[in-house]
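Peer 1: What follows is a structure written as structure tokens; I'll ask about it next.
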Amino acid sequence: MILTKTIHEVTYQRFREYLDLTYSQNIKQKVVALSTGYPEPGEFPLPKVILSKLAVEINGVEKPRQGYGWDAGSQPLREILIELENSLHSTNYSIRNICMVAGATYGFNRILEAIFEGENKGKKLLVVGPTYYRMLNRVERLAQIDSVIGSEKKEFQITAEELIDSIDANTKAIFIANPTNPTYLYYSEDFFEKIIPFLEEKRIYLIIDESGDAFYQGEGNKRLKRFPAGINNKYVIRIVTASKKYLLAEYRIGYVLADETFMGDKTKGFIKIIGDDIGNAPLAVNEAWVEIALHELAVLRNEKCSCQQCDFITQMAENNRRMLYLRNLSMDHLLKSPSVENIIIPEANFNITFKINNYKYKSDIALFKALLKDSSISLLPCSGLGLDESLMYFRLTYGINEEVLIYGLDRLKKFLE
Ligand SMILES: Cc1ncc(COP(=O)(O)O)c(C=O)c1O
């Protein structure tokens, strides 16, 4: 277990370096981007029943649009999302526990303000790494950051005991991604069952970022991952986004689930912060998400939906099947590459993490730069997500075009030979 105070700074710089080099290089020569972190457009189409709800006109006539609407976001959408959450996790959330936000990053920054502005200013946020430190770049305006990272032996997942040991009297909140980025492994039910009562007693918020929870590829024949009912606790704040789950990142929409005391209303708490700021999460996608949630509920309840020629189940199942196929294809290729070892098999999403044990390079960033220069391949070094650079882990995005993926993996293999 590593507990460090400055890892977030180094990590942010690394991620920036990776982005800047990949995209400035792109101007001069064609880079094969193997770590986009997001599927290529068109590879995993949304069902037609959902796409039709995103249209701005029907039969040449503009659809009635909402205008400003509710402070906490569309009420019909919040209602159906609460029903879906409760059906999935046996929780008892109500409409007072949900607020729409403009994506997870935006939601997180506002949560931070709700917790750390005022008497908690300058107190501590404990970050569970590895993670997407890029979205934590503004934390230090309001709070100190400590990071805790699990051991390599445990695929960098921390244990409940390690988390509890990392807390001190100054810790006011914990940030954890479930599943973790870059490994896309979930924390167990047991982990949450151990830490939540402890955090409740100490009045420490647990902020769970569920952005990676998309294209579930773990155990059981289910498309959506379930969390334990204990997740519905006064000190747990969940962030859910449509960015990856439904590949709707450009609409900037997600939601925050939290206790009423945190959530507040128009006049106080989190909803007031949202109301004072954006006023309402983007409305363009509301109808589409209502339709998605209705279909997810029907699938969960084994009911038939009422639309004609519905392609929701078939298209979503096809997308998941294809994602799994690309994951397995990447693993087969990586296994054949010299010096690739310790492939961490993800349980969700579209990225896979692995170690390159090549004596020529002392750090992941050195290998990243050489690979980009010599082979025009861009592969994200995991020191950009909080892992030690000497461990030599990389994150590959497999949810891309199959030909590009195979081409890139072949070039990587040749580079390593
Ligand atoms: C852990 C994590 N949180 C949040 C985000 C961004 O989510 P959003 O598009 O909803 O802001 C990402 C994007 O890669 C991520 O990896």
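The values are calculated or read from the model by the stated rules, or taken from the named source; none is laboratory data. None of these values were measured; they are calculated from a predicted model. A quick note on method: Cβ atoms are made from the backbone with ideal geometry, for glycine too, and the neighbour counts reach across all protein chains shown.
Peer 1: Of all residues being in a helix (DSSP H, G or I) and closer than 24 Å to LYS244 by Cβ in the range 115-155, which is nearest to the ligand (Cβ to nearest atom)? Just the residue, please.
Peer 2: Selected residue: MET135.
Peer 1: Just to verify a result, which residue in the range 339-354, among those that are in contact (Cβ under 8 Å) with a residue 40 or more places away in the chain and not in a strand (DSSP E or B), is surrounded by the fewest Cβ atoms within 10 Å (Cβ to Cβ)?
Peer 2: Applying the filter and picking the extreme gives SER339.
Peer 1: Taking the range 200-231, which residues are under 15 Å from the mean Cα position of the chain (by Cα) and not in a loop (DSSP other than H, G, I, E, B)?
Peer 2: ILE207, ILE208, ASP209, listed by residue number.
Peer 1: Suppose we filter the range 249-276 for residues that are near the ligand (Cβ under 9 Å from one of its atoms) and not in a helix (DSSP H, G or I); how many remain?
Peer 2: 3
Peer 1: In addition: Would it be correct to say that ASN86 is free of Cβ contacts under 8 Å to residues at least 12 places away in the same chain and either away from the ligand (no atom under 16 Å from the Cβ) or over 18 Å from the mean Cα position of the chain (by Cα) (or both)?
Peer 2: It is true that ASN86 is free of Cβ contacts under 8 Å to residues at least 12 places away in the same chain and either away from the ligand (no atom under 16 Å from the Cβ) or over 18 Å from the mean Cα position of the chain (by Cα) (or both).
Peer 1: On to the next question. If I go through the range 283-299 residue by residue, how many of them are in a loop (DSSP other than H, G, I, E, B) and surrounded by 18 or more Cβ atoms within 10 Å (Cβ to Cβ)?
Peer 2: Matching residues across the range 283-299 total 2.
Peer 1: Looking only at the range 368-387, how many residues end up being under 24 Å from the mean Cα position of the chain (by Cα) and surrounded by fewer than 16 Cβ atoms within 10 Å (Cβ to Cβ)?
Peer 2: Selection size over the range 368-387: 0.
Peer 1: Which members of the range 8-23 meet the condition of being in contact (Cβ under 8 Å) with a residue 12 or more places away in the chain and more than 20 Å from the chain's Cα centre (by Cα)?
Peer 2: Answer for the range 8-23, where residues must be in contact (Cβ under 8 Å) with a residue 12 or more places away in the chain and more than 20 Å from the chain's Cα centre (by Cα): VAL10, GLU17, LEU21, THR22.
Peer 1: Does ASN357 satisfy the criteria of being touching an Asp or Glu at 6+ places or on another chain (Cβ under 9 Å), farther than 28 Å from LEU77 by Cβ and free of Cβ contacts under 8 Å to residues at least 60 places away in the same chain?
Peer 2: In short, yes.
Peer 1: Of everything in the range 156-184, what is of a type in the set (A, V, I, L, M, F, W, C) and within 12 Å of the ligand (Cβ to nearest atom)? Give them in sequence order.
Peer 2: Listed by number, the residues that qualify are PHE175, ILE176, ALA177.
Peer 1: Any residue in the range 153-162 that is more than 28 Å from ASN342 (Cβ to Cβ) and more than 16 Å from the chain's Cα centre (by Cα)?
Peer 2: The answer is no, given that none of the residues of the range 153-162 is more than 28 Å from ASN342 (Cβ to Cβ) and more than 16 Å from the chain's Cα centre (by Cα).
Peer 1: Let me ask something else about it. Among the numbered criteria (1) modelled with pLDDT of 95 or more; (2) farther than 23 Å from ASN286 by Cα, which one does ILE239 miss?
Peer 2: (2)
Peer 1: Let me confirm something: among LYS234, LYS266, LYS336, LYS245, which residue is charged (D, E, K, R), in contact (Cβ under 8 Å) with a residue 24 or more places away in the chain and not assigned by TED's automatic domain parsing to the domain that holds THR183?
Peer 2: LYS336
Peer 1: If you go through the range 237-248 one residue at a time, how many are more than 10 Å from the ligand (Cβ to nearest atom) and aliphatic (A, V, I, L, M)?
Peer 2: Of the residues in that region, 2 qualify.
Peer 1: Also, I was wondering about something else. What are the residues in the range 154-189 that are without any contact (Cβ under 8 Å) to a residue 12 or more places away in the chain and of a type outside the set (D, E, K, R), if any?
Peer 2: ALA169, SER188, listed by residue number.
Peer 1: Something else now. Which one of these is within 22 Å of the chain's Cα centre (by Cα), surrounded by 17 or more Cβ atoms within 10 Å (Cβ to Cβ) and not hydrophobic (A, V, I, L, M, F, W, C): ARG321, ARG238?
Peer 2: ARG238
Peer 1: Scan the range 92-110 for residues that are surrounded by fewer than 19 Cβ atoms within 10 Å (Cβ to Cβ) and not in a helix (DSSP H, G or I) and jot them down.
Peer 2: Those that are surrounded by fewer than 19 Cβ atoms within 10 Å (Cβ to Cβ) and not in a helix (DSSP H, G or I): ASN92, SER94.
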